[in-house]
Amino acid sequence: MTQKRRNAAFRFTAGAATFALLGVLWYVTTSATQILPSVYFPTPAEVWQALRQITVEGYAGGRLHEHFLHSGKLVLMGFVAAVSIGVPLGMLMGGSRRAEAAVNPVFLLLRPIPPLAWIPLAIVWLGLGDAAKVLVIWFAAFVPAVINSYAGVRSIEPHLIEAARSLGVNRTMLIREVLLPGSLPLVFTGLRLALQACWTTLVAGELIGAIVGLGHVLYQAGLDLFPSMIVVGMLGVAIAGGMMTMALEWLESRAIPWRTMSTRL
Amino acid sequence: MARIASDSLAHDEHALVKRREFLVLSVIGLGVFFGVWALASLGGLAPRQFLPPPWTVAAKFIDLIHEPFAGYTLQQHLLSSFTRFGMGFALAVLIGVPLGLAMGWFRWLDAIVSPLFDALRFVAPIAWVPFAALWFGTGIGGPVLVIFTGAFPPCVINAYRGARYVDKHLIEAAQTLGARHWHIITEVLLPASVPSIVAGLRVSAGLAWQSLIGAELIVASSGIGYLLVKGQASISTSIVMSGMIAIGIVGFAIDTLLQSLEASIYRRRGRK
């Protein structure tokens, strides 16, 4: 126990020291000595200024919270739409050989195409607005949602299903009491992958064409050769992505408490 | 004996019927997919330019092999994409795998690099595009950096995990025989973590290919992603779809190649 605690303390100090050192290094190479010219990498003061500019005056069509909310809204819309279709479809494919036979070939055909490659097609079909982005995000989340729900149902031990059947449960009960809880751990793995894919795809979509959004901030900053704003945009992308992942992890710990228990042991 | 034989025969027959049903359903599934597509296109659900029927796309795909579009033919675009992919991926493997192994051996390195890694994890590779373009331009350097940021993490993480889960006895044995740090890493950790590393390579290659497409969609003047953007700009759905098909085929080929590498390594390990 003490060994473990000492270990954690060591890791924490090392991590804190690394970040502190990096901060000092950043200051020394940019502000103090200008080894890294600020055309290529901004000084801490410049980043602070860019952050103030985007929160107070706004940049690239909106203020920071507007970009945040807009990007977040699109990801949430695409993600929810994909999950609410993809998870049931995947579970259906896992539960029924017939459904698998009918759907799987089409799926295998579409699966190797990365979600980002759908962006130009979505733009041709739906233009540069939000609809195109939601379509691509939907697609990005759909594939992992289906695959993992399918794998989730398949990972349930056949004995459990047979036992439930021999106890005479009906279809609804079987789904609610056995298939659904049994496949949840893998379903959540799928959701996490789906969310990551959504987020990457959204940023790419907004970089390619958008009016507001965090990706658009990055695009505009790149166009304006504005390195400090690029850093702010990247921080925004990282923080928003991190927050969403944490929200999903919280949801997962509520939905399947037994999983975290077993990994903790 | 005879009963068992007839039983297994009946079972085979049953399986055969099942397989035939499976096949029929698969064909029906594909048929419905292409049928709906063709009908939607022919029925005028959308203008032909926006939704060409499957055979128009197939014809365009073949056309693109002969006639250059956006400056190059399809193969030339693929070749320039593949060069970037190879460079970014190779760079990620050459830096990532040794770093991961070293992190698995030296605790101080692990303690320094892991927090940085956790912090950078949430930055999507695609978000590096503006800096990549600013620092290295839009030719080769910029896209290669974006591919690198996509491919790097799985290389490091899997090499690290592989090195951490090496049998302690092997390390102790090597130490009692007087192996130095360098020898332990190259002679013990590396061979023991090959399966984990190869699994990481597969994930890494997939992410690299996807990041490459993203980078080329945003900044490039050749490559398969650039072909897509040009097709989009000239509102030619059939060109965009042909490009997507090519991307899918190459991505699939890369994955299959690494999968067979993975399988052959597992087979060889199993025989040992």
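Quick look at the values:
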| quantity | calculated |
| --- | --- |
| Cα-based helix-to-principal-axis angle, A:64-95 vs chain A, degrees rounded to 10 | 20 |
| Neighbour net charge for A:Val146 - beta-carbon separation under 12 angstrom, K R +1, D E -1 | 0 |
| Nearest 10 degrees, 0 to 90: helix A:227-255 Cα axis against chain A principal axis | 30 |
| Value of relative contact order over chain A, rounded to a whole percent, pairs C-alpha under 8 Å and six or more apart | 23 |
| Cα-based reach from A:Lys73 at 23 Å (exclusive), listing lysines while leaving out same-chain residues under 8 positions away | A:Lys133 |
| Spin-label zone in region A:111-148 - amide nitrogen under 18 Å from a point set 7 Å from the Cα of A:Leu69 along the C-beta vector | A:130 |
| Whether region B:165-229 is rounded, prolate or oblate, judged on the alpha carbon gyration tensor where a/c under 1.5 counts as rounded | prolate |
| Nearest-ten-degree value, helix A:180-208 long axis tilted from longest Cα axis of chain A | 30 |
| Helix runs (DSSP H) in chain B reaching 30 Å along axis by Cα, Kyte-Doolittle at least 0.5 | B:2-42, B:74-105, B:141-164, B:194-218, B:237-271 |
| Whole-percent pair-distance distribution, where bins are 10 Å wide, for the alpha carbons of chain B | 6, 21, 22, 21, 16, 10, 4, 0 |
| Shape call, the protein assembly as shown: gyration tensor on alpha carbons, a/c limit 1.5 | oblate |
| Computed over chain B: relative contact order in percent, which uses C-alpha pairs under 8 Å that are six or more apart | 23 |
| Sequence-distant lysines (8 or more away, or on other chains) whose Cα lies within less than 29 Å of B:Lys18 | none |
| Peptide B:114-124, shielding by other chains (average Cβ, 10 Å cutoff) | 6 |
| Net charge of Cβ neighbours under 12 Å - reference A:Gly95; Lys, Arg +1; Asp, Glu -1 | +3 |
| DSSP-loop trypsin sites (Lys or Arg not before Pro) across region B:164-247, with at most 14 other Cβ within 10 angstrom | B:Arg180 |
| Taking region A:54-205 and dividing mean pair separation by its residue count, relative contact order in percent (alpha carbons under 8 Å, at least six apart) | 32 |
| Under 21 Å from the Cα of A:Lys4 - lysines, other chains or at least 8 residues apart | B:Lys168 |
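Values quoted throughout were computed directly from the atomic coordinates according to the rules given, and no laboratory measurement underlies them. As the structure is a computational prediction, the values presented were derived from the model and not from experiment. Backbone-built Cβ (ideal geometry, glycine too); neighbour counts: all protein chains shown.
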